[in-house]
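Let me begin by presenting the structure, written as structure tokens, before commenting on it.
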Amino acid sequence: MPNYVISPPQIIGLPIDGTDDLFPVRRVYCIGRNYAAHAIEMGHDPDREPPFFFQKNPNNLDPSGNFPYPPHSSDVHHEAEVYIALKSGGTNITVESALDHVYGYGLSLDMTRRDLQGEMKKMGRPWEIGKAFERSAPCGPVLPVSSLGHPFEGNLSLTVNGETRQTGNLNQMIWKVPEMISYLSEYFELAAGDIIQSGTPSGVGAVEKGDIMIMTVDGLGSLQVNVV
Ligand code: MN
């Protein structure tokens, strides 16, 4: 062991469904506007323009089931998203070979301080303050491809206190999973441990302390997150 001058940061490990094993996280990429209906509700053209990405931090992922309402916002939105967990990576990965790099999938939320994101957009500034805050990515366990396969379709929904807010289907993604991996790998060197949040369908909206969010995807189970 080298002699680190301070304690090294903890490796973030996501639970693997049905086991005591953990999936170690290296980076977190998030795609923007990957469902046409959500692009429209955010005031954008739903045409297939090149995808764009932002990042969250590995320790923003939180499998605890609780989401602490963050400071400096009064408009915190849910975005229900399936994530992709990579077991390998590289650069210039072809669409045809992209799925070979996937370890598994899981359910997650891309929680967003929408008011702060909106201010940053207006000023042409980076989005981190709206997106990459503490515990901003509540998530469920990793569901390995070895047991699940690749979910190309499946209804996705998110309820808040039992009321349906978001609905969509994985087959409505503008950029499909292999295309996202391929595109990202042209700009970044992907590697084992990388997570990609795959975008949200329409119906994003605000939550309050005390709310209970339940995300469900056909074949991938459900994720409950309490706003505390
Ligand atoms: Mn999102």
Original post:
Which residue, of Gly43, Gly106, is within 16 Å of the ligand (Cβ to nearest atom) and not in a loop (DSSP other than H, G, I, E, B)?
Top reply: Gly106
Subject >> Residues satisfying the stated conditions in the range 59-88, i.e. away from the ligand (no atom under 13 Å from the Cβ) and in contact with an Asp or Glu (Cβ under 6 Å, 6 or more places away or on another chain) >> reply: Ser73, Asp75, Leu86
Subject >> Tally of residues being in contact with a strand residue (DSSP E or B) (Cβ under 8 Å, 6 or more places away or on another chain), open to solvent by 20 Å² or more (accessible area, probe 1.4 Å) and either in contact (Cβ under 8 Å) with a residue 60 or more places away in the chain or over 25 Å from Gly13 (Cβ atoms) (or both) across the range 140-158 >> reply: 7
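Could you list, in sequence order, the residues of the range 7-36 that are open to solvent by 50 Å² or more (accessible area, probe 1.4 Å) and small (Gly, Ala, Ser)?
Looking only at the range 7-36, we keep the residues that are open to solvent by 50 Å² or more (accessible area, probe 1.4 Å), and these are 7-11, 17-22, 24, 26-27, 33.
Of everything in the range 7-36, those that are open to solvent by 50 Å² or more (accessible area, probe 1.4 Å) and small (Gly, Ala, Ser) turn out to be Ser7, Gly18.
On the basis of being open to solvent by 70 Å² or more (accessible area, probe 1.4 Å), assigned to a loop (DSSP other than H, G, I, E, B) and closer than 30 Å to Gly205 by Cβ, does Pro2 make the cut? Step through it out loud before you land on a result.
Numbers: open to solvent by 70 Å² or more (accessible area, probe 1.4 Å): yes; assigned to a loop (DSSP other than H, G, I, E, B): yes; closer than 30 Å to Gly205 by Cβ: no.
Answer is no for this residue.
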Original post:
Across the range 42-79, what is the number of residues that are in contact (Cβ under 8 Å) with a residue 24 or more places away in the chain and open to solvent by 80 Å² or more (accessible area, probe 1.4 Å)?
Top reply: 5
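For (1) free of Cβ contacts under 8 Å to residues at least 60 places away in the same chain; (2) of a type in the set (Ser, Thr, Tyr); (3) out of contact with any Cys (no Cβ under 7 Å at 6 or more places or on another chain), each residue gets a yes or a no:
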{"residue": "Asp110", "(1), (2), (3)": "no, no, no"}
{"residue": "Trp127", "(1), (2), (3)": "no, no, yes"}
{"residue": "Ser136", "(1), (2), (3)": "no, yes, yes"}
{"residue": "Phe188", "(1), (2), (3)": "no, no, yes"}
{"residue": "Asp194", "(1), (2), (3)": "no, no, yes"}
Original post:
Can Ser97 be described as open to solvent by 20 Å² or more (accessible area, probe 1.4 Å), more than 16 Å from His38 (Cα to Cα) and out of contact with any Lys or Arg (no Cβ under 9 Å at 6 or more places or on another chain)?
Top reply: yes
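Among the strands (runs of 3 or more DSSP E) confined wholly to the range 138-228, which include 1 or more residues that are acidic (Asp, Glu)?
Values: elements: 155-160, 163-169, 195-197, 212-217, 221-227.
Passing ranges, in order: 163-169.
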Original post:
Pick from the range 176-228 the residues that are among the hydroxyl-bearing types (Ser, Thr, Tyr) and surrounded by fewer than 17 Cβ atoms within 10 Å (Cβ to Cβ): which of them is farthest from Leu148 (Cα to Cα)?
Top reply: Tyr187
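The values are calculated or read from the model by the stated rules, or taken from the named source; none is laboratory data. Here the structure is a predicted model, which is why all the values come from computation and not from measurement. No Cβ is skipped: glycine too gets one built from the backbone with ideal geometry, and neighbour counts run over all protein chains shown. In case anyone asks, the SASA skips ligands and DNA or RNA and just uses the protein heavy atoms, side chains included. Shrake-Rupley method; radii C 1.70, N 1.55, O 1.52, S 1.80 Å.
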